[in-house]
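Trainee: Pasting in a structure now, in structure tokens, and then I'll have a few things to ask.
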Amino acid sequence: MFELNGTFIIFIASFLVFMFLLNEIMLKPVGKAIADRKALVAEHLEVSKSSRIKAESELVAHQEKINSARHQAAGMRNEAAAAAQKVRDEKLKTVQDQGRKKLDAAKTELAAEKKALVDGLVDQELELVNTISKKLLGESAKTNVDREKVRKVLEEVC
């Protein structure tokens, strides 16, 4: 059946030596390399986490700066629009004042011309009345037409 002889002992001893050498030469260095690799991966993972956190905080800071710049730009734009509106209002008021002055001057000029024309028409009207009455009544006819009444009538008509 089973015989125990020296070959079996040598085989067991060589197997144990082989296992010991395999452990020393292959398994321990491979285990150490795996542990080192695991430690390196863990270190890189921690570095990447801290880098991500730092990048996110910088992103938030940049977004806040961008928002701040947008608010400042909006404020500047609103100020510029208000200033432009103020300048526009001032120029519009100046133009309206100038227009009003020109209109008043034109009205005054028209009133003076109207008065001069009415005065001229009064004289022509009186002369016309005298001519018609002389032609109708003869040379001896005297007309008694009030100059102011003629002026009032012509002013009402004009």
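Quick note: the coordinates plus some simple rules give every number you see, no bench work behind them. Note that the structure is predicted; figures quoted are calculated from it, not measured. Please note: Cβ atoms are built from the backbone with ideal geometry, for glycine as well, and neighbour counts cover all protein chains shown.
Trainee: Run the quick spin-label model on Ala33 and Leu92: label points 7 Å from Cα toward the beta carbon, then report their separation in nm to one decimal.
Mentor: 8.4
Trainee: What FRET efficiency comes out for Arg147 versus Leu117 if R0 is 22 angstrom and r is the Cβ-Cβ distance? Round to the nearest 0.05.
Mentor: 0.90
Trainee: Across the stretch 71-85, in residue order, what do the Karplus-derived ³J(HN,Hα) couplings come to in whole Hz, using 6.51 cos²θ - 1.76 cosθ + 1.60 with θ = phi - 60° and x for Gly and Pro?
Mentor: Values, residue by residue: 5, 5, 5, 5, x, 5, 5, 5, 5, 5, 5, 5, 5, 5, 5 Hz.
Trainee: Then there's this: Post the alpha-carbon centroid distance, the stretch 1-25 to the stretch 40-58, in whole angstrom.
Mentor: 51
Trainee: Can you give the helix-only mean residue ellipticity at 222 nm for the chain, where every DSSP H stretch with n ≥ 4 adds -39500 (n - 2.57) and the sum goes over all residues, rounded to the nearest 500 deg cm²/dmol?
Mentor: -32500 deg cm²/dmol
Trainee: What FRET efficiency do you get for Ala83 and Ala105 if R0 is 35 Å and r is their Cβ-Cβ distance, rounded to the nearest 0.05?
Mentor: 0.60
Trainee: Among Asn67, Asn78, Asn130, which one shows the highest mean-square fluctuation when the chain is modelled as a Gaussian network with alpha-carbon springs under 10 Å?
Mentor: Largest GNM mean-square fluctuation: Asn130.
Trainee: Sticking with this structure for a sec: Can you give me the distance in nm between label points at Ala74 and Leu4, each placed 7 Å from the Cα along the Cα-to-Cβ direction?
Mentor: Result: 9.3 nm between the two label points.
Trainee: Tell me, what is the percent relative contact order of the chain, built from C-alpha pairs under 8 Å that lie six or more residues apart?
Mentor: 13
Trainee: Give, as a single signed number, the net charge of other residues whose beta carbon lies under 13 Å from the beta carbon of Ala83, with Lys and Arg counted +1 and Asp and Glu -1.
Mentor: Around Ala83, the charge tally is +1.
Trainee: Which links in Lys115/Lys149; Lys107/Lys152; Lys102/Lys149 stretch past 26 Å when you go from one Cα to the other?
Mentor: Exceeds cut-off: Lys102/Lys149.
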